[in-house]
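Contents: one structure, followed by commentary.
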Amino acid sequence: MSKILELNADNEEYLCEVAKALSSPARIQIIKLLYYNSYNIGEIAEKLNIPASTAALHIRILEGADLIHTEQQPGCRGSMKLCSRKNDFVSIRLFGNPIDVDQISTISMPVGAYTDCHILPTCGLAGENGGIGYEDRPCDFFLPERLQAQLIWSAGGYVEYRFPNPMAKDISLKQLLLTFEACSEVANYREDWKSDITVWINGYDCGTWQCPGDFGARRGRLNPPWWESGATQYGLLTTVTVTGTSTLINNEVSSSVRLSDLSLQDNCWITVRIGNKEDAEYPGGFNLFGQKFGDYEQDIKLSFVY
């Protein structure tokens, strides 16, 4: 699989550093040499017929530009630096982003791709072409087939997802947006069945949304023909927005959790948990809808505004 180093004109300093690294024929020869094999500095110097000190200088420049990878390994006389390729392509975008226009990156997560869960009957999973496992059997939430789920429901507990974190350290994040379609859960359905559904991000309680019911009085717009009427049909689209000062659910302040609290730069993933607290006033369960069920053609979405 090809590795691509993406550059743009907004990062002038790094762009110049890469350009400097690529400005030497000797360094180009080193990159070509490392395409198929890894070599230490002595071997590179020998193959290119240059002094080891010169090879070491070129390696430092290439490493500083993030064009090659180096690691220390034991050698005959102490340690040696083993060099290997890090990128196959360099893509340079020679125009920057408008400073007065926000950028957005979105990741969609299938509802069945949870990494942890605590499930209570009534519960179950449904895919586009039929049920997955058996209803009211929490152990079936660990079946591999759960990844195909387009609707999941539980009378309580939670499901937790791990989203990849695409934000580089030099990105100034303005908002984190989580959107999902959900409703309460009761046997069959009940339009006035309230549920206090809480959202946690990276372990922080970002607030609770009170869903007014488990909706089944009409069919969901996207539901497949095999899904019976008389059961849960659709949910409400819910948006959780984390800003620099607070968190909002459906445009109403829900907690004091801020972007800085989430420590988004510390890990390459972001955890999102959706469910009922044990002490909730209305622990009315939850349904989560994928892009093939309910009213909204989307999975769970996490968006980064920067």
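Take Gln103 and decide whether it is under 22 Å from Phe304 (Cα atoms) and more than 15 Å from the chain's Cα centre (by Cα). Yes; evaluated as a whole, the condition is true for this residue. Inside segment 256-306, can you point out the residues that are farther than 22 Å from Cys211 by Cβ, free of Cβ contacts under 8 Å to residues at least 12 places away in the same chain and of a type in the set (Asp, Glu)? Hit for segment 256-306 is Asp266, nothing else.
Just to be sure, is Ser2 loosely packed, with under 14 Cβ neighbours inside 10 Å, among the small types (Gly, Ala, Ser) and farther than 30 Å from Asp299 by Cα? No; evaluated as a whole, the condition is false for this residue.
Conditions tested, residue by residue: (1) of a type in the set (Val, Ile, Thr); (2) surrounded by 15 or more Cβ atoms within 10 Å (Cβ to Cβ); (3) assigned by TED's automatic domain parsing to the domain that holds Ile152; (4) modelled with pLDDT of 95 or more.
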{"site": "Tyr35", "(1), (2), (3), (4)": "no, no, no, no"}
{"site": "Ile50", "(1), (2), (3), (4)": "yes, yes, no, yes"}
{"site": "Ile61", "(1), (2), (3), (4)": "yes, yes, no, yes"}
{"site": "Ala65", "(1), (2), (3), (4)": "no, yes, no, no"}
{"site": "Gln73", "(1), (2), (3), (4)": "no, no, no, no"}
{"site": "Asn87", "(1), (2), (3), (4)": "no, yes, no, no"}
{"site": "Pro98", "(1), (2), (3), (4)": "no, no, no, no"}
{"site": "Pro110", "(1), (2), (3), (4)": "no, yes, yes, yes"}
{"site": "Ala113", "(1), (2), (3), (4)": "no, yes, yes, yes"}
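Given the structure, is Asn202 in contact with a strand residue (DSSP E or B) (Cβ under 7 Å, 6 or more places away or on another chain), surrounded by 15 or more Cβ atoms within 10 Å (Cβ to Cβ) and either over 23 Å from Asp279 (Cα atoms) or among the charged types (D, E, K, R) (or both)? No, not satisfied. Filtering segment 142-170 to residues that are under 18 Å from the mean Cα position of the chain (by Cα), modelled with pLDDT of 95 or more and of a type in the set (A, V, I, L, M, F, W, C) leaves Leu147, Val159, Phe163. Considering the conditions (1) surrounded by fewer than 18 Cβ atoms within 10 Å (Cβ to Cβ); (2) touching a Ser or Thr at 6+ places or on another chain (Cβ under 7 Å); (3) in contact (Cβ under 8 Å) with a residue 40 or more places away in the chain, Tyr189 is excluded by exactly one of them, (1).
The values are calculated or read from the model by the stated rules, or taken from the named source; none is laboratory data. Just so you know, these numbers come straight off a predicted model, no measurement behind them. No Cβ is skipped: glycine too gets one built from the backbone with ideal geometry, and neighbour counts run over all protein chains shown.
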